[in-house]
Amino acid sequence: MADNYTPPKVWKWEKGNGGKFANINRPISGATHNKELPVGENPLQLYSLATPNGVKVTIMLEELLEKGISDAEYDAWLIDISEGDQFSSGFVEINPNSKIPALADHSVKPVRRVFESGSILVYLAEKFGAFLPNDTDKRTEVFNWLFWQMGSAPILGGGFGHFYAYAPVKFQYPIDRYSMEVKRQLDVLDKTLATRRFIAGEEYTIADMAIQPWYGALAKGLLYEAGEFLSVDDYKNVIRWTDEISARPAVKRGRMVNRSWGELSSQLRNRHSAADFETRTQDKLDAAK
């Protein structure tokens, strides 16, 4: 792979060229195989993985249940993106973009599909009247930051994360370019959080749930193991904020759901009720594989 790449007149896909996820990346959409998705007994069916985008939604659902909103009970089914589960016919039917998370709401007829993590957060907030203020000014500020995250995270994930952590060959230019922008984003958050408790004000909202799994994990040195490289200790307000959110019981549970790596104590591959957090055993973890 040359340092001084000259694009051809017409781009052509070369299978296997793309690093860690080359086996699942492709330039076309649609299903690769027929497989129906499982459906549990709860009103909400979530199909996801405990990446930052997936964790946003499981945190939201656990926070709703923490508030005593029993209608937010849900089944969460692990979608193994490394195995191409997101390209099954059942998943593509819910999300034609083949990205986790995807939600099916069986409390309405016909079943309603909701995809894109930001859309799911807004949908659940409006459905249950929680974590999204009614006041127009406060609501707008939440949306400002929610859409900030949706627009900014691809720089952190597909940009910095890919070239720093996953690219088969490391090049200075893209790493420098994306590092500069990620640090600018952290600075935006840090300066904002110097003036308020949470990202959109004094209330904990879906904006915090959207941003913290990405930038909070980065500030704690957990995302891409890039903490030292990005000097994340400089962003003390982001660290204060993420520590407060991380201590919430619902957040602790939400991070475990659909997680299939790390310590076994941190994993709950599939979730069907609150009791699953208490009754996890090695046998159940093995059986869920």
Computed E for residue 113/residue 35 - FRET, C-beta separation, R0 22 angstrom, nearest 0.05: 0.85
Intensity falloff of the stretch 74-164 expressed as log10 I(q)/I(0), Debye formula with alpha-carbon point scatterers, at q = 0.17 Å⁻¹: -0.92
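May I ask for the Kirkwood hydrodynamic radius of the stretch 182-289, worked out over all distinct Cα pairs and given in angstroms to one decimal?
On the way: mean 1/r = 0.0656 Å⁻¹.
Averaging 1/r across every pair of different Cα atoms and inverting gives 15.2 Å.
Subtract the Cα-Cα distance of residue 10 and residue 272 from 0.36 nm times their separation in residues, and report this length gain in nm to one decimal.
Working: separation 262, 0.36 × 262 = 94.32 nm, distance 4.83 nm.
In short, 89.5 nm is gained.
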Kirkwood Rh and Cα Rg combined as Rg/Rh, the stretch 225-279: 1.10
For the chain, calculated [θ]222 nm from helices alone, where every DSSP H run of n ≥ 4 adds -39500 (n - 2.57): -11500 deg cm²/dmol
The chain pair-distance distribution - Cα-Cα, 5 Å bins, rounded %: 1, 5, 11, 15, 17, 17, 14, 10, 6, 2, 1, 0
Within the chain, percent of DSSP bridges classed antiparallel, to nearest 5: 60 percent
Dipole of the chain, positive direction: furthest Cα of 199, 151, 117, with charges on the beta-carbon: 151
Interatomic Cα distance distribution for the stretch 61-121, bins of 10 angstrom, percent: 21, 49, 26, 4
Globularity ratio of the stretch 141-191, using Cα Rg and 2.2 N^0.38 Å: 1.24
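Using 0.36 nm per residue of separation minus the Cα-Cα distance, give me the extension gain between residue 228 and residue 265 in nm, one decimal.
Numbers: separation 37, 0.36 × 37 = 13.32 nm, distance 2.66 nm.
Answer, rounded to one decimal: 10.7 nm.
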In Hz, Karplus ³J(HN,Hα) per residue of the stretch 98-105 (6.51, -1.76, 1.60; θ = phi - 60°; x = Gly, Pro): 6, 10, 7, x, 9, 10, 10, 9
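Do any of 191/220; 67/127; 127/252; 35/99; 56/183; 99/191 go past 25 Å between their Cα atoms, and which?
Working: 191/220 17 Å; 67/127 14 Å; 127/252 23 Å; 35/99 16 Å; 56/183 22 Å; 99/191 32 Å.
99/191, as the Cα separations exceed 25 Å there.
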Kirkwood estimate for the stretch 136-249, i.e. one over the average of 1/r between Cα atoms, Å: 14.4 Å
Centroid-to-centroid separation of the stretch 65-85 and the stretch 98-163 [C-alpha atoms, Å]: 15 Å
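No value in this document is a laboratory result; all are computed from the given coordinates. Everything quoted here is computed from the prediction, not taken from an experiment. No Cβ is skipped: glycine too gets one built from the backbone with ideal geometry, and neighbour counts run over all protein chains shown.
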